[in-house]
Amino acid sequence: MEKELSETETNLKLEQLRELTEMCGTLEELQIRQLKYWPRLISEAVTGCETHFSYHTRELTYEIEIDEKSKARIDTAKKMLPDLEMWSQFLLGDKYLVKVRFNGKTVFRGTRKSQFDPQASEKELEAEFTNYVSKEYKRTKKFTK
């Protein structure tokens, strides 16, 4: 039987996962489940959803299938999209741009809460990697003498 986490423990775990996503570009099962099910919370009109995540461009796109029979439910869903963006950025980080499409049509394009430059990001990662390799080389060199 799995231990149930308190809200504080859950938030701490999500913050740790967000940092891991920022460093490595990977998503853990807990994040994937959240991204998969959150769109279903915005309206009863949601009938399906695919989520597309790009670490390199820091974009998250929800491809939502929505029942177009009820205009009121669609309007409710559209009003909830800024909340979906806020939840997603809490989960992944505020550098992520959130886009939402209903039945193939773009209905929402959020904003990044902090700056992101893919080329600068690649240079930072390369510098971090080079620094890490250099430190590891020096550390292992001490043991091989």
Practice item. List the equivalent ellipsoid semi-axes of the stretch 7-113 in whole Å, largest first, each obtained as the square root of 5λ for an eigenvalue λ of the Cα gyration tensor. Key: 25, 14, 12
Point to revise | Positive-end extreme of charge dipole, the stretch 1-119 - chosen from LEU27, THR76, TYR55 (charges on Cβ) | key: THR76
Check your understanding: Hey, can you rank 84-95, 61-72 by average C-beta count inside 10 Å, highest first?
Key -> 84-95, 61-72
Review point. Pairs LYS71/LYS113; LYS36/LYS78; LYS69/LYS95: which are spaced more than 25 Å apart, C-alpha to C-alpha?
Key: LYS71/LYS113; LYS69/LYS95
**Study point:** From phi via Karplus (6.51, -1.76, 1.60), per-residue ³J(HN,Hα) for the stretch 96-113 in Hz, x at Gly/Pro
**Key:** 7, 9, 9, 10, 10, 10, 9, 6, x, 10, 5, 10, 7, 9, x, 10, 6, 8
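Read-outs throughout are calculated quantities, based only on the coordinates presented, and are distinct from any laboratory measurement. Model, not experiment: these values are computed from the prediction. Backbone-built Cβ (ideal geometry, glycine too); neighbour counts: all protein chains shown.
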